[in-house]
Amino acid sequence: MSLQKLTISELLDAYSRRTLKPSEVVQSYLNVLAKSNPTLNAVLQVDTQRSLARAKQLDSRESEIAKLPLYGVPIVIKDNILVEGWQATAGSKILENYRSPYTATCVERLENAGAVVIGKANCDEFAMGSSNEHSAYGAVKNPWDISRVPGGSSGGSAAAVAAQMCLASLGSDTGGSIRQPASLCGVVGLKPTYGRVSRYGVIAYASSLDQVGPLARNVWDASRVFEVMAGCDGHDSTTSAQTVPRYTELLKTASMKNVVVGVARDWLEGVEGEVKKTFDESLELMVSAGAKLVDVTLPSSKHALATYYIIAPCEASSNLARFDGIHYGFRSQQKSSLNDLYCLSRGEAIGAEVKLRIMLGTYALSSGYYDAYYLKANRVRSLIQKDFEKAFTQCSVMAIPTSPTTAFVMGEKSDDPIQMYLSDIFTLPINLAGIPGISVPCGKDKAGLPIGLQFIGKHFDEATLLNTAHSYEKVRGQWDLPQLGVV
Amino acid sequence: MISTEDVLRIASLARLSLTENEVVLYQKHLGRVLDYIKDLESVDTLGVGLATHVPTDSVAFREDKAVDSHLAAALIKLAPEHEAGHFIVPAVMDADQ
């Protein structure tokens with residue numbers, strides 16, 4: 001079997017049987033990355049020497065395999081997450097020369113568990129986008145069809161996993177930025193409960209919504225990465241002190257039997273025909289495996305998009321005020337006063353979509369508009385949260401398509417921001433409610449493009465979420481990634 | 001639709017210099033999004049509380065102990081212009097002020 005075909009669990013088996021060494025595996029992934037990345041532009045930085053040196057160190061720690069749950073696993077990290085010594089541009093020109101002075105807690109935990117960082121993934125600038133066309137370093141292409149977008153904002157992280165450049169990657173999800181690209185690239189993507197994973201060392205977009213999560217080839221692999229990095233962190237006061245279960249242990253007894261799956265049919269309007277058909281077939285598969293379906297309603301979710309596009313830009317306009325031409329990276333070279341220096345540095349180095357969201361937030365928070373926009377949106381957010389609380393009294397998980405469409409053609413939605421924002425219609429409410437969601441591949445459309453199925457869980461109940469998603473994978477059957485060499 | 005003056009006022013509050021083409025673009029795009037989010041006006045939120053915090057079951061506290069981060073020197077080196085541990089900025093007031 002080709003090395004690239006192995007999942008994390010199979011790779012760990014091979015390591016424990018001493019049939020492979022981390023340096024061979026990392027070298028092999030770096031080779032694939034070098035071959036495919038010029039076409040896909042999924043990864044912005046590699047550091048072959050550093051990654052191989054780390055892999056060689058791990059070669060000599062073979063006796064510790066049992067204590068290192070991600071021993072020798074090559075991973076890619078979204079470029080808005082800090083890894084000491086590596087760049088962290090967040091896809092923006094304003095951070096083009098930024099070198100991380102420290103490592104984010106989530107990455108530190110993965111590295112301590114034996115993972116090897118082999119690249120920094122391209123993304124929409126400051127994680128704002130649904131197509132990865134808004135990166136200052138060029139668009140990412142979808143490995144299933146390079147004329148199409150990989151989704152966003154963690155498009156590079158999703159494309160890297162789909163193109164077998166790495167075994168898992170980290171993304172960040174503020175309104176769907178892990179799950180939607182996972183869906184469009186045919187991989188698994190998990191957005192944990194808000195507060196489950198530390199945001200220390202993650203460049204902030206909207207602090208009440210941002211959450212880091214894994215992208216991987218299957219639910220077991222994503223669960224392994226997640227269980228290693230989740231949990232309380234003294235550097236992030238929003239992390240929960242709740243114990244993190246060993247999710248991969250719980251998966252051993254996972255079953256679809258008697259799982260009550262909530263389906264909000266009133267929410268399914270506007271879903272593309274083939275996506276809807278595949279979603280319905282997935283529900284039937286779950287029922288055949290013993291799940292029970294119940295109808296639930298989420299009446300306020302139709303307002304989620306408007307709510308999100310007030311709250312997230314408001315938080316972004318505040319968070320991104322720090323990029324001022326003085327503290328970080330880019331500074332305008334035009335001679336100017338202090339105020340002009342701020343305006344010119346930001347004007348010259350921040351991209352179009354980010355400027356739009358900063359201005360939206362500035363407008364919504366400005367004198368005379370605060371009550372009508374920000375406070376109103378927060379009240380509607382309460383209603384959305386209550387809808388989910390009520391729905392979860394009837395079911396243990398919910399199912400919905402991840403995205404209303406499969407991967408769209410590059411440029412197709414560039415002229416109208418609302419058309420682009422609608423790509424996240426099924427993922428945004430989950431961030432507003434702070435609950436976890438996971439996208440799992442569930443089929444393909446006629447063009448052969450992957451379709452994602454999203455499961456939604458209760459606060460801090462990733463165990464049920466992952467068990468259901470894993471059980472679904474078993475009834476769905478094998479899922480193949482796009483063939484190597486096609487890209 | 002919002003006016004050119006509105007776009008320039010918001011850009012100034014947000015400390016963003018815009019080109020003439022950008023002003024035209026944002027007049028269109030800001031107008032489009034602001035029209036869309038008017039949707040919320042129709043939602044009855046009388047008596048509904050604010051969701052200013054996402055519900056987390058517990059808030060973590062660390063021990064109240066001073067910890068050295070040792071990061072200041074590394075952070076300042078990332079600034080475009082710095083000297084002796086300080087950020088360099090243009091004069092805040094002009095000489096004739």
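The values are calculated or read from the model by the stated rules, or taken from the named source; none is laboratory data. On a predicted model such as this, the values are computed, not experimentally measured, just so you know. Positions of Cβ are generated from backbone atoms using ideal geometry, with glycine treated the same way; all protein chains shown enter the neighbour counts.
Okay, residues lined up against (1) of a type in the set (S, T, N, Q); (2) farther than 29 Å from A:Arg381 by Cα:
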residue	(1), (2)
A:Ser282	yes, yes
A:Ser300	yes, no
A:Ser318	yes, no
A:Arg331	no, yes
A:Ser336	yes, yes
A:Ala349	no, yes
A:Val354	no, no
A:Arg357	no, no
A:Leu360	no, no
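For the range A:7-26, give me each residue that is surrounded by fewer than 19 Cβ atoms within 10 Å (Cβ to Cβ) and either within 25 Å of the chain's Cα centre (by Cα) or not aliphatic (A, V, I, L, M) (or both). Hits for the range A:7-26 are A:Thr7, A:Ser9, A:Glu10, A:Asp13, A:Ser16, A:Arg17, A:Arg18, A:Thr19, A:Lys21, A:Glu24.
Among the residues of the range A:52-64, how many are among the small types (Gly, Ala, Ser) and touching a helix residue (DSSP H, G or I) at 6+ places or on another chain (Cβ under 6 Å)? Let's see the steps before the verdict.
The first filter runs over the range A:52-64 and keeps only residues among the small types (Gly, Ala, Ser), leaving A:53, A:55, A:60, A:63.
Applying the additional criterion that residues be touching a helix residue (DSSP H, G or I) at 6+ places or on another chain (Cβ under 6 Å) yields A:55.
Within the range A:52-64, residues that are among the small types (Gly, Ala, Ser) and touching a helix residue (DSSP H, G or I) at 6+ places or on another chain (Cβ under 6 Å) number 1.
Go through the residues of the range A:355-369 one by one and say whether even a single one is modelled with pLDDT of 95 or more and over 22 Å from B:Arg9 (Cβ atoms). Within the range A:355-369, none of the residues are modelled with pLDDT of 95 or more and over 22 Å from B:Arg9 (Cβ atoms). If you go through the range A:327-373 and keep only what is within 20 Å of A:Asp416 (Cβ to Cβ), surrounded by fewer than 17 Cβ atoms within 10 Å (Cβ to Cβ) and of a type in the set (Ser, Thr, Tyr), you end up with nothing. Test B:Ala84 against the stated conditions and say whether it is under 26 Å from the mean Cα position of the chain (by Cα), small (Gly, Ala, Ser) and modelled with pLDDT of 80 or more. No: the conditions fail for B:Ala84.
Over 30 Å from A:Leu167 (Cα atoms), hydroxyl-bearing (Ser, Thr, Tyr) and touching a Ser or Thr at 6+ places or on another chain (Cβ under 9 Å): does that describe A:Thr297? The answer is no for A:Thr297. Cβ-Cβ distances below 7 Å connect the following pairs, each with a first residue in the range A:20-44 that is at positive phi and at pLDDT 95 or above, a second residue that is of a type outside the set (D, E, K, R) and buried (at least 23 other Cβ atoms within 10 Å of the Cβ), and a separation of six or more residues or different chains: A:Asn41/A:Asn122; A:Asn41/A:Val140. For the range A:319-336, does any single residue satisfy the condition of being among the polar types (S, T, N, Q), outside any loop (DSSP other than H, G, I, E, B) and out of contact with any Pro (no Cβ under 8 Å at 6 or more places or on another chain)? Yes; the residues of the range A:319-336 include at least one that is among the polar types (S, T, N, Q), outside any loop (DSSP other than H, G, I, E, B) and out of contact with any Pro (no Cβ under 8 Å at 6 or more places or on another chain). Flag: A:Thr193 matches the condition of being among the hydroxyl-bearing types (Ser, Thr, Tyr), touching a His at 6+ places or on another chain (Cβ under 7 Å) and more than 22 Å from A:Ile8 (Cβ to Cβ).
Where in the range A:364-482 are there helices (runs of 4 or more DSSP H), lying wholly inside it, with at least 2 residues that are in contact (Cβ under 8 Å) with a residue 40 or more places away in the chain, of a type outside the set (D, E, K, R) and within 14 Å of another protein chain (Cβ to nearest Cβ)? Where helices (runs of 4 or more DSSP H) fall fully within the range A:364-482 and carry at least 2 residues being in contact (Cβ under 8 Å) with a residue 40 or more places away in the chain, of a type outside the set (D, E, K, R) and within 14 Å of another protein chain (Cβ to nearest Cβ), they are A:376-391, A:417-421, A:428-433.
Looking only at residues in the range A:241-258 that are assigned to a loop (DSSP other than H, G, I, E, B) and among the hydroxyl-bearing types (Ser, Thr, Tyr), which one is surrounded by the fewest Cβ atoms within 10 Å (Cβ to Cβ)?
Here the answer is A:Thr253.
Here A:Cys343 fulfils each of the conditions (1) touching a Ser or Thr at 6+ places or on another chain (Cβ under 9 Å); (2) without any contact (Cβ under 8 Å) to a residue 12 or more places away in the chain; (3) under 15 Å from A:Phe126 (Cβ atoms) apart from (3). Given the condition modelled with pLDDT under 95, part of a helix (DSSP H, G or I) and under 23 Å from the mean Cα position of the chain (by Cα), answer yes or no: does some residue in the range A:259-274 qualify? Yes, that holds for at least one residue. Each residue in the range A:57-75 was checked for being closer than 20 Å to A:Glu10 by Cα and without any contact (Cβ under 8 Å) to a residue 60 or more places away in the chain, and 11 pass. Here A:Ala306 does not qualify as touching a residue at least 40 places away in the same chain (Cβ under 8 Å), crowded, with 19+ Cβ neighbours inside 10 Å, in a loop (DSSP other than H, G, I, E, B) and aliphatic (A, V, I, L, M). It is to be established whether one or more residues within the range A:244-264 are of a type in the set (A, V, I, L, M) and over 14 Å from A:Thr464 (Cα atoms). Within the range A:244-264, one or more residues are of a type in the set (A, V, I, L, M) and over 14 Å from A:Thr464 (Cα atoms).
Condition first: closer than 29 Å to A:Ala66 by Cβ and in a helix (DSSP H, G or I). Can you find one or more residues in the range A:209-217 that meet it?
Here is the first cut: in the range A:209-217, the residues closer than 29 Å to A:Ala66 by Cβ are A:212-217.
Now restrict to residues that are in a helix (DSSP H, G or I): none.
No, the range A:209-217 contains no residue that is closer than 29 Å to A:Ala66 by Cβ and in a helix (DSSP H, G or I).
Quick one: would you say A:Leu293 is more than 29 Å from B:Arg32 (Cβ to Cβ), surrounded by fewer than 22 Cβ atoms within 10 Å (Cβ to Cβ), more than 10 Å from chain B (Cβ to nearest Cβ) and in contact with a Leu (Cβ under 7 Å, 6 or more places away or on another chain)? Yes.
Scanning the range A:223-240 for residues that are under 17 Å from A:Thr103 (Cβ atoms) and either part of a loop (DSSP other than H, G, I, E, B) or small (Gly, Ala, Ser) (or both) yields a total of 5. Within the range A:240-274, the set of residues being away from every other protein chain (no Cβ under 14 Å), touching a residue at least 24 places away in the same chain (Cβ under 8 Å) and of a type in the set (Gly, Ala, Ser) comprises A:Ala254, A:Ser255, A:Gly262, A:Ala264, A:Gly270.
Considering A:Lys335, A:Lys292, the condition of being among the basic types (Lys, Arg), more than 24 Å from the chain's Cα centre (by Cα) and at pLDDT below 95 is satisfied by A:Lys335 alone. Close Cβ contacts (under 7 Å, 6 or more residues apart or on different chains) running from residues in the range A:317-340 that are more than 8 Å from every other protein chain (Cβ to nearest Cβ) and on the phi < 0 side of the Ramachandran plot to residues that are of a type in the set (D, E, K, R) and surrounded by 14 or more Cβ atoms within 10 Å (Cβ to Cβ) comprise A:Phe323/A:Arg346; A:Ser332/A:Glu348. Scan the range A:86-139 residue by residue and report those that are more than 15 Å from the chain's Cα centre (by Cα), among the aliphatic types (A, V, I, L, M) and within 30 Å of A:Gly448 (Cβ to Cβ). Hits for the range A:86-139 are A:Ile118, A:Ala139. Any residue in the range A:91-109 that is crowded, with 24+ Cβ neighbours inside 10 Å, in contact with a strand residue (DSSP E or B) (Cβ under 6 Å, 6 or more places away or on another chain) and of a type outside the set (Val, Ile, Thr)? Yes, there is a match, as at least one residue in the range A:91-109 is crowded, with 24+ Cβ neighbours inside 10 Å, in contact with a strand residue (DSSP E or B) (Cβ under 6 Å, 6 or more places away or on another chain) and of a type outside the set (Val, Ile, Thr).
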